[in-house]
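Asker: A single structure is presented below for examination.
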Amino acid sequence: MTNSDGRESKKKEVIAIVGAGISGLLACKYCLSKGFDPIVFESESSIGGVWTKTVESTKLQTPKPFYQFSDYPWPDTVTELFPDQQTMLEYIESYANHFDLVRHIQFNNKVLSLSYEEDNNDGECNLWEEPFSSKGKWNVTVQDTRTLSAQVYKVDFVIVCLGRFSQVPNIPEFPPNKGPQALEGEVIHSMDYSKMDSAAAANFVKGKHVAIVGFQKSGMDIAMECSTVNGVEHPCSVVIRTLHWNVPDYFPWGFPMAKLYLNRFSELTVHKPGEGLLLYLMATIFSPLRWAFSKFVESHIRHKLKLSKHGMVPEHSFLNELSSCLISTVPEGFYDRVEEGSIKLIKKAENFGFSKEGIVLDSQAEPIKSDLVILATGFKGIEKLKHIFESPKYQEFIAGSDDFAVPLYRECVHPRIPQLAIIGFSESIANLFTSEIRCRWLAEFLDGKFKLPNIKMMEKDIAEWDKYKKRYSKKYYRRSCIGALHIWHNDQLCKDMGWNPKRKRGLWAEWFEPYGPLDYSV
């Protein structure tokens, strides 16, 4: 087999990668490192995934040292702790160019469907004995978005890197006759707003009574942009369905939050999937400390953002927020805008609809006057992921039993879907960091360096992780998130690959210093 620049590739197997966001680029890079010649299909005309189409004022949510490639650190010229969208995109593009990844990408090529073509499989326990099975191949149907022509590629392995924050918006259900059509004004999703450049977005909201539904990152960023354009003359209303512990910074009372939650000692306070008796006892004994960490961070957020004054104190704990991967950074000056009156907060509006004049809430007699409503209500990531499969059986496997979390072993592969991996869908508090080590794990597996357990063992492990997620996320259990156990998760991947999971020098550093991407550089 000859690759795109005429050189002979080492491996004859064909690997298709769906998506050229961060996870897709990482998958490509580490497949290349093992001698494969992957094909990357990207529906857009450029790389970067969600970073190509986001609100221009958006900044990185994770401190820069915890959001970087292990073998390509941030350049010294980037001094901000939370780089902006353009700087982030330039960093990703620089990484792709440095490792010569772009030539493997087919742009404007959208994967319409995946279908597995198999010969008579003689036993499900053998599905994952080897990374490449001679018993089946994937048919990848790809459409050129410019010509609308379609082509089917037959490949040996598929790596799906679609991500969960794009393409399929989550539109709430509305009471009868109170949907968006009832409003005289316009209703859009934050996805549509994010596609506008700064000038177009400013012109779009100028002089309008804007209401934003949602109080996570995109909702807060859009509210800030609207308040900058319209000021107190046309205040922006933010309809909040759920209160969150959104953080003003990552230094509660001047202490680095990473030292509270990103080291081995902090993970001793949390019950782990598959833990033995000793770890169970330690998590039980240290549970008061776990509570204290959470209260320490909460007290800082309450004080700095004056949450009590604004009636914005959540009922759940900060640990629940962390374990659900729901933490967002509050834009600087957000609550100053609230105090000056250019942003108005409407709290605990779980159910809402529309009338001719604006948004109608159960808790208010009068509608919220709205010329424009922006739904910052997230995305239906699982819907997007499952519908890429032609097989109803595989769609059911992906959706799981509750439509909230995708049941993946090591957060990478489904035990009953052969020759396919899903990277970048399960979250952590530093997604680039997490996707990279998973891609390295997958590349080692594809190279035959280790074998996976049988289906029943993998499903048992998935069930243990699901139990952990539900225990610590509680009612906010919504998605695949390893939250407060990222080191424990990485340890498992390291052990599979034959690496030493302990990456620090010295006992103190190993237990009390934060773990980050550079600890896993090889």
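Asker: Residues that are farther than 26 Å from Phe41 by Cα, modelled with pLDDT under 95, under 27 Å from the mean Cα position of the chain (by Cα) and assigned to a loop (DSSP other than H, G, I, E, B): does the stretch 195-215 have at least one?
Answerer: yes
Asker: Can you say whether Val50 is more than 22 Å from Ile429 (Cα to Cα) and either within 23 Å of the chain's Cα centre (by Cα) or open to solvent by 60 Å² or more (accessible area, probe 1.4 Å) (or both), as far as the supplied structure shows?
Answerer: It is false that Val50 is more than 22 Å from Ile429 (Cα to Cα) and either within 23 Å of the chain's Cα centre (by Cα) or open to solvent by 60 Å² or more (accessible area, probe 1.4 Å) (or both).
Asker: Another one. Of the residues in the stretch 131-172, how many are within 16 Å of the chain's Cα centre (by Cα), surrounded by fewer than 21 Cβ atoms within 10 Å (Cβ to Cβ) and part of a strand (DSSP E or B)?
Answerer: 1
Asker: If you scan the stretch 440-483, which residues turn out to be within 15 Å of the chain's Cα centre (by Cα) and either crowded, with 22+ Cβ neighbours inside 10 Å or more than 27 Å from Phe66 (Cβ to Cβ) (or both)?
Answerer: Ser480, Cys481, Ile482, Gly483
Asker: Test each condition in (1) surrounded by 14 or more Cβ atoms within 10 Å (Cβ to Cβ); (2) modelled with pLDDT of 95 or more for Arg103 and report the one that comes out false.
Answerer: All conditions are met except number (1).
Asker: Taking the condition free of Cβ contacts under 8 Å to residues at least 60 places away in the same chain, farther than 16 Å from Cys412 by Cβ and assigned to a helix (DSSP H, G or I), does Ala509 pass?
Answerer: yes
Asker: Please name all residue pairs, on different chains or six or more residues apart, with Cβ atoms under 6 Å, provided the first residue is in the stretch 83-104 and is farther than 13 Å from Ile47 by Cα and the second residue is buried (at least 18 other Cβ atoms within 10 Å of the Cβ) and β-branched (Val, Ile, Thr).
Answerer: Gln85/Thr54; Gln85/Thr58
Asker: Condition first: free of Cβ contacts under 8 Å to residues at least 60 places away in the same chain, within 16 Å of Tyr409 (Cβ to Cβ) and outside any loop (DSSP other than H, G, I, E, B). Can you find one or more residues in the stretch 471-489 that meet it?
Answerer: no
Asker: Among the residues of the stretch 356-379, count how many are surrounded by fewer than 17 Cβ atoms within 10 Å (Cβ to Cβ) and not acidic (Asp, Glu).
Answerer: 5
Asker: I would also like to ask the following. Taking Leu326, is it open to solvent by less than 40 Å² (accessible area, probe 1.4 Å), in contact with a Pro (Cβ under 8 Å, 6 or more places away or on another chain) and not polar (S, T, N, Q)?
Answerer: no
Asker: Give Ala283, Ala292 a once-over and let me know the one that is at pLDDT 95 or above, touching a Lys or Arg at 6+ places or on another chain (Cβ under 9 Å) and farther than 23 Å from Gly231 by Cβ.
Answerer: Ala283
Asker: Being modelled with pLDDT under 95, exposed (fewer than 14 other Cβ atoms within 10 Å of the Cβ), of a type outside the set (Lys, Arg) and out of contact with any Lys or Arg (no Cβ under 6 Å at 6 or more places or on another chain) is true for just one of Asn97, Asn121, Asn126, Asn177. Which residue is that?
Answerer: Being modelled with pLDDT under 95, exposed (fewer than 14 other Cβ atoms within 10 Å of the Cβ), of a type outside the set (Lys, Arg) and out of contact with any Lys or Arg (no Cβ under 6 Å at 6 or more places or on another chain) holds for just one of Asn97, Asn121, Asn126, Asn177, which is Asn177.
Asker: Same structure, new question: Output the qualifying pairs, or none if there are none: Cβ atoms under 6 angstrom, residues six or more apart or on different chains, first residue in the stretch 435-459 and basic (Lys, Arg), second residue not in a helix (DSSP H, G or I).
Answerer: Listed by first residue and then by second, the contacts come to Arg438/Cys412; Arg438/Ile423.
Asker: Let me ask something else about it. Among the numbered criteria (1) at positive phi; (2) out of contact with any helix residue (DSSP H, G or I) (no Cβ under 6 Å at 6 or more places or on another chain), which one does Glu90 miss?
Answerer: For Glu90, the failing item is (1).
Asker: What's the number of the only condition in (1) free of Cβ contacts under 8 Å to residues at least 24 places away in the same chain; (2) closer than 30 Å to Pro65 by Cβ; (3) charged (D, E, K, R) that Glu267 fails to meet?
Answerer: (1)
Asker: Of all residues in the stretch 238-269, how many are part of a strand (DSSP E or B) and open to solvent by 10 Å² or more (accessible area, probe 1.4 Å)?
Answerer: The qualifying residues number 0.
Asker: Give the residue, chosen from Leu32, Leu25, Leu81, that is open to solvent by 40 Å² or more (accessible area, probe 1.4 Å) and within 19 Å of Trp441 (Cα to Cα).
Answerer: It is Leu32.
Asker: Just to be sure, is His414 of a type outside the set (A, V, I, L, M), farther than 19 Å from Trp499 by Cβ, crowded, with 20+ Cβ neighbours inside 10 Å and more than 14 Å from the chain's Cα centre (by Cα)?
Answerer: yes
Asker: Taking the conditions exactly as written (in the same structural domain as Lys64 (by the TED database) and either at pLDDT 95 or above or within 29 Å of Met257 (Cβ to Cβ) (or both)), does Ala421 satisfy them or not?
Answerer: Considered against the rule, which asks whether it is in the same structural domain as Lys64 (by the TED database) and either at pLDDT 95 or above or within 29 Å of Met257 (Cβ to Cβ) (or both), Ala421 comes out as yes.
Asker: Which of the residues spanning the stretch 58-78 are within 25 Å of Leu32 (Cα to Cα), open to solvent by less than 30 Å² (accessible area, probe 1.4 Å) and assigned to a loop (DSSP other than H, G, I, E, B)?
Answerer: Tyr67, Gln68, Ser70, Trp74
Asker: Here is a follow-up. Please verify whether the stretch 286-300 includes one or more residues that are more than 26 Å from the chain's Cα centre (by Cα), among the aliphatic types (A, V, I, L, M) and over 20 Å from Trp245 (Cα atoms).
Answerer: No - not one qualifying residue is present in the stretch 286-300.
Asker: Would you be able to tell me the number of residues in the stretch 189-230 that are closer than 26 Å to Thr329 by Cα, surrounded by fewer than 15 Cβ atoms within 10 Å (Cβ to Cβ) and touching a residue at least 12 places away in the same chain (Cβ under 8 Å)?
Answerer: Adding up the residues that qualify gives 4.
The values are calculated or read from the model by the stated rules, or taken from the named source; none is laboratory data. What you see is a predicted model; the values in this text were computed from it and never measured. Cβ: placed from backbone, ideal geometry, glycine included. Neighbour counts: every protein chain shown. Ligands, DNA and RNA are stripped out before the accessible areas are found, and what is left, the full protein with its side chains, is counted by its heavy atoms. Shrake-Rupley method; radii C 1.70, N 1.55, O 1.52, S 1.80 Å.
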